[in-house]
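Notes follow the structure.
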Amino acid sequence: MKPFDIVIVGGGGAGLYAAMEAMKTNPALNIAVLTKVYPNRSHTSAAQGGANAALGNKAKDDTVEMHIFDTIKGSDYLADQDAVDVLCSEAPKIIRELENIGTPWSRMEDNTIAQRPFGGAGRPRCCYCADKTGHTILQTLYEQCLRKGVIFFNEYFALSLSVQGSRSRGLMAMNMKSGKVEAFPARTVIFATGGYAKMYWNRSSNAAGNTGDGQAIAYRAGIPMKDMEFVQFHPTGLRKSGLLVTEGARGEGGFLINKDGERFMARYAKEKMELGPRDLVSRSIETEILEGRGFDSPAGKYIHLDLTHLGADLIKSRLPQIREMSLNFEGVDPIEEPIPVRPTAHYSMGGIDTDNFGRTVMDGVYAAGECACVSVHGANRLGGNSLLDILVFGRIAGHTAAEEAGKFEPGKISEEEIKASVDELRSSMQPSGHYERYGALREELGQTLALNVGIFREASLLKQGIRDISELKERFKKVRVFDSSDVFNTNLMQVLELKNMLDLAETVAIGALAREESRGSHTRIDFPVRDDEKWHKHTLATLVNGKTTPGEKPVTMGRYELQERTY
Amino acid sequence: MNSRKELINHFALMTEIIDQHQEGKRDVTFRVFRFNPQVDSKPYFDDYTISAERGITVLRSLNYIKEHVDPSLSFRAFCQAGICGSCGMRVNGTSKLSCTSQVWDELDKCREPGIIKVEPLRSMPIIKDLIVDMDPLVDKMKRYSNWIDSTMPLAEMGKKEFLVSEEEFHRYDKATDCILCASCVSECSILRANKEYVSPAVLLKSYRMNVDSRDSIHDVRLAELVKDHGVWDCTHCYRCQESCVKSIPIMEAIHSIREDALECRGPKDTSGAKHAEAFMEDIEKKGKLVEATLPIRTNGVVWTLRNLLPMAMKMIVKRRTPPPPPLVKPAKGIKIFRAMFREMSEHVKQDHLKSHKK
Ligand SMILES: Cc1cc2nc3c(=O)[nH]c(=O)nc-3n(C[C@H](O)[C@H](O)[C@H](O)COP(=O)(O)OP(=O)(O)OC[C@H]3O[C@@H](n4cnc5c(N)ncnc54)[C@H](O)[C@@H]3O)c2cc1C
Ligand code: SF4
Ligand code: SF4
Ligand code: FES
């Protein structure tokens, strides 16, 4: 294949924005987007709630400064303050830009973009389109990319980076339609492959493919992962499937009720009540359940999310998707009955370590979106800040790569390397004798993570988790791919995804064991308080000679001093 | 507060309970379309019988089969929540999302009791088993400029918002629900005969762009829509709307494009106009469409014979064909209807004028 200037891996919000911006920055560049699902299927489409920006349409006194403070406080002071500055200052501009190119935002009475309150925010600044915000943003970006003639390689599964010395020469990917391994020589590669929270499998709100592929590829190429232990649990997953009921439901006035009929959030966040930040609300629900105040059902314990007092009209007009999902997956109509919910693994704060321009430590490799860790979310992401993150930093990464591509030589990938890649794939397909089922391993991984590396963590649990994961990695070597066909081998793809999850799960558990404090989403029963003296820093995990090697990085401070985080 | 033991008990209990939740199980057979172009000369069906519990979806059943019975069974799925549009397939003959289709609901719709038939979407090239090629649909989105070409100058981007009324938002709100699952595409009667046809999802998207005041290429898009294989080829069979997984009133969008075309381009401009006149005439005369003759009058006899006859034969067998012309009697109360129709046309015109002034 002819060498590219930029290859973007991922067609979600981050990848598409990067593509658009790179084209705008330098129209002469040869840019390709490579994605394992059609761009419009990406998980960005699942974001219901909205994206934060201090437009001041709803609350006239809202400011960028307040947004910055809310984000830093929400992060439990682990976010880098210069990065948060960029995120929040760019927010109004990027939301308006999206508006200008066709995103159908809901509207206020004065015809400006509508905003609503969202967890952890001091002002109602979450911009939304009914409860399909991510879907409409992704559609808009995809439409614009089609308009601009972006070259897409749809249904290509990225396998590995081609590394020579200190820099990448491009990427290897499997064409799902033909099963062929193809080389994508490139001056620069941008990873925008989304999150890794699906490693919790059935206890996750994520799409089946949110398996952290980009992170795992970068990790295996020696690029450090940052803050992997921080996984956000969303307070309200549907009881049976883990699927998400958006925070919008609480933003519109929904109540959380335990089996005694109490609005129990009064115990944990008197002022903000149901609109407290996610980590706090998740822990509150989990505590209610652990202390016996949850409801019981054959499908597990849960509490109620009650919308009935909001009325049929509001539910139908503002929360139609929630109603549909609740009907489809729980058989409950929220107009008439409360929805059964419990916390579900939802978002990965950790990811590929980047600077504020999307650069990684490897020359020519960039990352943006949920797969990257800049870090703007620190120990806990605020609702509505992630869509913003993928847009702002997707754009920045696209711009940076376009500016810097000229610095690097055109990529070259040798025939031998392609062959080695094919051989590796083949060898994973047919172990002889005793074999393992990938489906079973995948489920066991989710179970051990939920149990040992879940909302409440503790040294002995985490050690057990690490043992389980390495055992699973051992057993993985015996996994067999039964589908022998080249054409659209989803069997092989799922096995490769499992490998990625296993590699990353190890970094999550190791990071969680190392961090002997409680901060944001990371709660240690044995170290219940935040320990700024020892742990006000980022953790790194780098693969050195086949072993996860821990490291650390300071947090960039700025205007805001460390404070206790209360709501 | 939370000792480790309590924690473990909590989770252990949960898993145990899930295991016990086996009440309401039934043996269900999935008869699944199989085709691997590498080895099969033609498609065939495989039967998989599994014990399915109440509340399980068709997609979860297929996942189960893939994990436990036959890992080579191939289909697409991603969000598993009815939002990404990956998992469109035909279940018991109807195109829908497998991730939101309940097995127990499907059991009521089986031709053969207890056997749920699962096939790929129609009118798109088959890649393998239940996986079809989406590229033709994307190509059509490009051909019909399914994007906003903003009136905001590039230099001004991001500086200020367009002001958009809630009323305008509601005009395209529903249309932006479309997740491009292609269920409507698979059900469209014209597409089965003519693969070039614009297709309902693309018409819907075109409509959505055309009523957006931020867009600047309304006329370009419309000019493409009235060409051959465009908006006038639709037979108004309503199948797309009936099968839309997001209950989007697709037909309203199609009507609206046609009205818009007549309004903006006059009734005499292309092959479409012939169709339009035929369409109007029918409604006014009979209060009902004479669907059977509609394609003949628009596309000519030869085209109709070549493209639609095979399908018509099949439809007759299935008793879906609209009755041949002499059988279409003027609808009851045709006088009242005609008056209403005229008033309606007037109304539509006024509405349109209003909205275009904004
Ligand atoms: C249910 C849910 C609701 C949410 N709601 C909100 C909200 O209201 N507000 C908010 O701000 N955030 C929300 N989030 C978070 C937010 O949606 C995500 O963080 C964000 O969309 C991630 O975007 P992305 O572009 O980084 O990745 P994605 O949209 O996940 O895209 C990843 C892309 O990478 C591609 N890819 C992955 N692996 C490979 C590979 N091996 N080879 C090739 N391509 C690959 C995929 O095909 C895909 O195109 C929500 C998340 C979930 C799960
Ligand atoms: S109404 Fe038109 S677009 Fe819809 S299915 Fe029928 S022919 Fe196709
Ligand atoms: S219009 Fe409906 S059925 Fe057709 S692609 Fe869109 S969502 Fe699917
Ligand atoms: S898997 Fe996404 S719509 Fe069914």
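Here is a list of conditions, (1) of a type outside the set (Asp, Glu); (2) at pLDDT below 60; (3) more than 30 Å from B:GLY88 (Cβ to Cβ), and B:CYS264 meets all of them except one; can you say which number that is?
(2)
Select, from A:VAL487, A:VAL479, the only residue that is more than 16 Å from ligand 2 (Cβ to nearest atom) and more than 9 Å from every other protein chain (Cβ to nearest Cβ).
Matching residue, one of A:VAL487, A:VAL479: A:VAL479.
Taking the condition of being crowded, with 22+ Cβ neighbours inside 10 Å and either under 16 Å from A:GLU143 (Cβ atoms) or not aliphatic (A, V, I, L, M) (or both), how many residues in segment B:222-232 meet it?
Total meeting the criteria: 2.
Kindly evaluate B:ILE115 against the criterion of being of a type outside the set (Lys, Arg) and not assigned by TED's automatic domain parsing to the domain that holds B:SER243.
Here the answer is yes, as B:ILE115 does meet what is asked.
Can you tell which of A:GLU444, A:GLU471 is within 12 Å of chain B (Cβ to nearest Cβ), surrounded by fewer than 22 Cβ atoms within 10 Å (Cβ to Cβ) and over 23 Å from A:LYS226 (Cβ atoms)?
A:GLU444
Matching residues to (1) within 25 Å of A:GLU506 (Cβ to Cβ); (2) surrounded by fewer than 24 Cβ atoms within 10 Å (Cβ to Cβ); (3) within 16 Å of ligand 2 (Cβ to nearest atom):
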position: A:GLU336; (1), (2), (3): no, yes, no
position: A:ALA345; (1), (2), (3): yes, no, no
position: A:SER348; (1), (2), (3): yes, no, no
position: A:PHE357; (1), (2), (3): no, yes, no
position: A:MET362; (1), (2), (3): yes, yes, no
position: A:TYR366; (1), (2), (3): yes, no, no
position: A:GLU370; (1), (2), (3): yes, no, no
position: A:SER375; (1), (2), (3): yes, no, no
position: A:LEU382; (1), (2), (3): no, no, no
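Residue pairs, Cβ under 9 Å, 6 or more apart or interchain, first in segment B:176-189 and under 22 Å from B:ASN210 (Cβ atoms) and without any contact (Cβ under 8 Å) to a residue 60 or more places away in the chain, second assigned to a loop (DSSP other than H, G, I, E, B) and within 14 Å of ligand 4 (Cβ to nearest atom). List them.
If the second residue must be assigned to a loop (DSSP other than H, G, I, E, B) and within 14 Å of ligand 4 (Cβ to nearest atom), the pairs left are B:THR176/A:LYS132.
Hey, among the residues in segment B:61-96 that are within 8 Å of chain A (Cβ to nearest Cβ) and of a type in the set (A, V, I, L, M, F, W, C), which one's surrounded by the most Cβ atoms within 10 Å (Cβ to Cβ)?
Among them, the one singled out is B:CYS84.
Quick check: anything in segment B:163-171 at the interface with another protein chain (Cβ under 9 Å from one of its Cβ atoms), under 22 Å from the mean Cα position of the chain (by Cα) and among the small types (Gly, Ala, Ser)?
Within segment B:163-171 (the criterion being at the interface with another protein chain (Cβ under 9 Å from one of its Cβ atoms), under 22 Å from the mean Cα position of the chain (by Cα) and among the small types (Gly, Ala, Ser)), the answer is no, since none of the residues qualifies.
Just for segment B:98-115: of the residues that are crowded, with 22+ Cβ neighbours inside 10 Å and touching a Leu at 6+ places or on another chain (Cβ under 8 Å), which one is farthest from the other protein chains (Cβ to nearest Cβ)?
Out of the qualifying residues, it is B:SER98.
The rows are residues; the columns are (1) within 14 Å of chain B (Cβ to nearest Cβ); (2) surrounded by 24 or more Cβ atoms within 10 Å (Cβ to Cβ); (3) within 16 Å of ligand 4 (Cβ to nearest atom); (4) within 19 Å of B:ILE148 (Cβ to Cβ).
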{"site": "A:LYS36", "(1), (2), (3), (4)": "yes, yes, yes, no"}
{"site": "A:GLY56", "(1), (2), (3), (4)": "yes, no, no, no"}
{"site": "A:LYS60", "(1), (2), (3), (4)": "no, no, no, no"}
{"site": "A:LYS73", "(1), (2), (3), (4)": "no, no, no, no"}
{"site": "A:ASP82", "(1), (2), (3), (4)": "no, no, no, no"}
{"site": "A:ASN100", "(1), (2), (3), (4)": "yes, no, no, yes"}
{"site": "A:TRP105", "(1), (2), (3), (4)": "yes, yes, no, yes"}
{"site": "A:PRO117", "(1), (2), (3), (4)": "no, no, no, no"}
{"site": "A:ARG125", "(1), (2), (3), (4)": "no, yes, no, no"}
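Would you point out the residue of segment B:179-202, among those that are hydrophobic (A, V, I, L, M, F, W, C), part of a helix (DSSP H, G or I) and closer than 23 Å to A:LEU138 by Cα, that is farthest from ligand 4 (Cβ to nearest atom)?
B:VAL202
From (1) among the polar types (S, T, N, Q); (2) within 16 Å of ligand 4 (Cβ to nearest atom); (3) out of contact with any helix residue (DSSP H, G or I) (no Cβ under 9 Å at 6 or more places or on another chain), pick out the condition that doesn't hold for B:SER216.
If we test B:SER216 against (1) among the polar types (S, T, N, Q); (2) within 16 Å of ligand 4 (Cβ to nearest atom); (3) out of contact with any helix residue (DSSP H, G or I) (no Cβ under 9 Å at 6 or more places or on another chain), just (2) comes out false.
Tell me which residues, restricted to segment B:181-195, are buried (at least 24 other Cβ atoms within 10 Å of the Cβ) and either away from ligand 3 (no atom under 12 Å from the Cβ) or within 13 Å of chain A (Cβ to nearest Cβ) (or both).
B:CYS181, B:ALA182, B:ILE190
Test B:ASP228 against the stated conditions and say whether it is over 30 Å from B:LEU163 (Cβ atoms), away from ligand 4 (no atom under 16 Å from the Cβ) and of a type in the set (Asp, Glu).
Spelling it out, B:ASP228 is indeed over 30 Å from B:LEU163 (Cβ atoms), away from ligand 4 (no atom under 16 Å from the Cβ) and of a type in the set (Asp, Glu).
Of all residues in segment A:161-199, count the ones that are among the basic types (Lys, Arg) and in a loop (DSSP other than H, G, I, E, B).
2
Name the residue, out of B:LYS117, B:LYS128, that is more than 16 Å from ligand 2 (Cβ to nearest atom), over 18 Å from the mean Cα position of the chain (by Cα), among the basic types (Lys, Arg) and within 21 Å of B:ARG239 (Cβ to Cβ).
B:LYS117
Among the helices (runs of 4 or more DSSP H) contained in segment A:452-552, which hold 1 or more residues that are charged (D, E, K, R) and closer than 28 Å to A:GLY120 by Cα?
Here the list reads A:532-535.
Checking A:GLU65 against (1) out of contact with any helix residue (DSSP H, G or I) (no Cβ under 9 Å at 6 or more places or on another chain); (2) free of Cβ contacts under 8 Å to residues at least 24 places away in the same chain; (3) among the acidic types (Asp, Glu), which single condition isn't satisfied?
Only one criterion is unmet by A:GLU65, namely (1).
Assuming B:GLY158 fulfils every condition listed in (1) farther than 28 Å from B:ASP228 by Cβ; (2) out of contact with any helix residue (DSSP H, G or I) (no Cβ under 6 Å at 6 or more places or on another chain); (3) away from ligand 3 (no atom under 14 Å from the Cβ) apart from one, which condition is it?
Here B:GLY158 meets the rest and fails (2).
In segment A:399-437, what residues are among the polar types (S, T, N, Q) and touching a residue at least 60 places away in the same chain (Cβ under 8 Å)?
Selection gives A:SER421, A:SER428.
Please note which strands (runs of 3 or more DSSP E) are completely contained in segment B:66-170 and include at least 3 residues that are closer than 28 Å to B:GLU224 by Cβ and at pLDDT 95 or above.
The strands (runs of 3 or more DSSP E) meeting that bar number zero.
Check every one of the helices (runs of 4 or more DSSP H) wholly within segment A:200-285 and list those with 1 or more residues that are touching a residue at least 60 places away in the same chain (Cβ under 8 Å) and more than 16 Å from ligand 2 (Cβ to nearest atom).
Of the helices (runs of 4 or more DSSP H) lying wholly inside segment A:200-285, those with at least 1 residues that are touching a residue at least 60 places away in the same chain (Cβ under 8 Å) and more than 16 Å from ligand 2 (Cβ to nearest atom) span A:213-220, A:248-251.
Among the residues in segment B:196-208, are any surrounded by fewer than 21 Cβ atoms within 10 Å (Cβ to Cβ) and over 15 Å from the mean Cα position of the chain (by Cα)?
Checked segment B:196-208: at least one residue is surrounded by fewer than 21 Cβ atoms within 10 Å (Cβ to Cβ) and over 15 Å from the mean Cα position of the chain (by Cα).
If you go through segment A:117-135 one residue at a time, do you hit one that is at pLDDT 95 or above and over 29 Å from A:MET273 (Cβ atoms)?
No.
The values are calculated or read from the model by the stated rules, or taken from the named source; none is laboratory data. Bear in mind that the values here come from a model prediction, so they are computed numbers and not experimental data. Using ideal geometry, Cβ is built from the backbone for each residue, glycine included, and neighbour counts are taken over all protein chains shown.
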